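Working notes for the structure below.
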């Protein structure tokens, strides 16, 4: 996976903001229905963790953690446990 986003959302050739450059997001509880984008906004370590699972943190950012985990063939609880450990 490349470090830079090569997507062009919103047309006109504007690159989408990469999750690493967006401010921290919501601090509510992480669950299966949390989007990849919201989870990645928590910290750079969270973003790295999501990428380590092979999750697309750009175009796939709108998927829920449950959807992304299923697409990667992982139990969502494995992903949730890893993200929750970062917050301890």
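Selection over region 23-59 of residues that are surrounded by fewer than 17 Cβ atoms within 10 Å (Cβ to Cβ), farther than 22 Å from residue 88 by Cβ and at pLDDT below 90 gives a count of 2.
Just to check your reading of the model, which residue among 48, 37 is touching a residue at least 12 places away in the same chain (Cβ under 8 Å), closer than 19 Å to residue 87 by Cβ and in a helix (DSSP H, G or I)? The match here is 37.
The values are calculated or read from the model by the stated rules, or taken from the named source; none is laboratory data. Please read these numbers as outputs of a predicted model, since none were measured by experiment. Cβ: placed from backbone, ideal geometry, glycine included. Neighbour counts: every protein chain shown.
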